[in-house]
Amino acid sequence: MTSYLESSGGTWQIMHVQLSEEQLLLQETVRRFAAEVVAPRAREIDETGEFPREFFDQAGELGLAGVAIPQEYGGSGMDAISYCIVVEEISRVCASSGVILSVNNSLVCDPLLRFGSEEQKQRFLRPLAAGEKLGCFALTEPDAGSDAAALRATARRDGDDYVLNGSKVFITNGSHAELALVFASVDLEAKHKGITAFIVATDSPGFETGPHEYKLGVNASGTTELVFDELRVPVGQRIGEEGDGFKIAMATLDGGRVGISAQAVGIAQGAFEEALKYSRERRQFGRPICDFQAIQFYLADMSTEIDAGRLLTWKAAWTKETGKRYSLEAAQAKLFTAGMAQRVTNKALQIHGGYGYTREYNVERYFRDARITEIYEGTSEIQKLVIARAILDQ
Ligand code: CAA
């Protein structure tokens, strides 16, 4: 099957699921880069928590920091499915590296492209999309995770500046980013209608980062706390109008969720390949364990679920390309792929038996890394809420 029919507002459109020559070439190039540059360091950076800055720099040189950003703004000018291919291929060998790239592409470059002024695009988007600077997305706070509208960071207007105060937690890339997309409220009483977005240089006075967070998985993704103490941000660095920030954050997270879906597919694919190889090599009862139907059924379920997850991810990416709102498709893709990644990595570990539980094999890392996909960029419970609201609104 080379195409998929989608009913949209009564008309039928064709979504091609056969990759173009350009996308196949991209896949081949990124797969080679992942194997030669990313994979050799994946286990080490997971253990030490070292942020792989040189990986991001090299990815930038290959055009992977702003995959779907037009070339005039420093990006590669490709489409959202190409972006998914990149995140999947990198996450297939290293989930930390996958999320570093995903955050820069979809949580920082994409909103600057969609909501930034021409001057902001030239000044901030261009170096981010070219991989010369790294970005982070600062929304979550200690008391505002799933309930993002409850954030308490404030932005007080003072002449030609805003003065920001507050703190953010669990910020991917936070330890090494040069630019942060920060959400703060100009009027806490107005709830989500007071939230405003700013692009901030992280070396500004009053911008502090916390210590490295050691986590269960994706341990090298530079997750940290950010603290703003009388941080002055020029008015020209406000993205959109005062009060637009919440919608900018939500629209941005639709794209981010497609990136995390691609990450989940990549983690699952990597674990599946390790399990398939192991099942051919490992002998018990006088034959390779892949001869046993129990193992064959695991492999069959895993490959089927991965394909289903990839198709949902590409469908969400494709819907994004049509220009219509794709919150439903993005949430469905993330909900399914995050759950699928738990099931697939769990089975991959089971196929490895006792060895899978040790650090001798990569499969325990995939198992740990998969877990975060059910939490960040909206928990699975929040995805269900978004899906249910979209269904009931139709
Ligand atoms: N696009 C555009 N506008 C949107 C939107 C979207 N996807 N979603 C909501 N809006 C608009 C609504 O239309 C509404 O507009 P009006 O004011 O005009 O009516 C407004 O935003 C408020 O929407 P809701 O009433 O739906 O808001 P809510 O408070 O009920 O919240 C929510 C909805 C879905 C629960 C949302 O808070 C949410 O997604 N929470 C999860 C937050 C999250 O994903 N955090 C991840 C942090 S980032 C991260 O993990 C990054 C990392 O480092 C890896």
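Cα gyration tensor of the stretch 108-215, axes a ≥ b ≥ c as square roots of the eigenvalues: rounded (a/c below 1.5), prolate (a/b > b/c) or oblate? Oblate is the answer for the stretch 108-215, as a/c is 1.5 or above yet b/c matches or exceeds a/b.
In terms of Cα atoms, the Rg and Dmax of the stretch 253-393 work out to 16.7, 58 Å. Helices in the chain, meaning DSSP H runs of at least 4 residues, each add -39500 (n - 2.57). Divided by all residues, the mean residue ellipticity at 222 nm is -15000 deg cm²/dmol. With both residues required to sit in the stretch 128-261, DSSP beta bridges show an antiparallel share near 85%.
If you fit an axis through the alpha-carbon atoms of helix 21-33 and take the longest principal axis of the Cα set of the chain, what angle between them do you get, 0 to 90°, nearest 10? The two axes meet at around 80 degrees. Taking the Cα centre of each part, how many Å lie between the stretch 364-389 and the stretch 271-321? After rounding, the separation between the Cα centres reads 21 Å.
For residue 141, the residues whose modelled amide H falls within less than 5 Å of its own, excluding neighbours fewer than 5 places apart on the same chain, are 169. Reported to the nearest whole Å, the Cα centre-to-centre distance from the stretch 50-110 to the stretch 330-357 is 23. Angle of helix 380-393 to the longest C-alpha principal axis of the chain, folded into 0 to 90 degrees and rounded to 10: 70°. For the chain, the relative contact order comes to 16 percent (Cα pairs under 8 Å, sequence separation of at least 6). Per residue, the stretch 253-393 exposes an accessible area of 45 Å² to a 1.4 Å probe, with every protein chain left in place. Normalised by the number of residues in the stretch 253-393, the mean separation of alpha-carbon contacts (under 8 Å, six or more apart) gives a relative contact order of 34 percent.
The values are calculated or read from the model by the stated rules, or taken from the named source; none is laboratory data. Just so it is clear, the structure is predicted and the values come from calculations on it, not from any experiment. Protein only, heavy atoms only, side chains kept; ligands, DNA and RNA dropped before computing areas. Shrake-Rupley method; radii C 1.70, N 1.55, O 1.52, S 1.80 Å.
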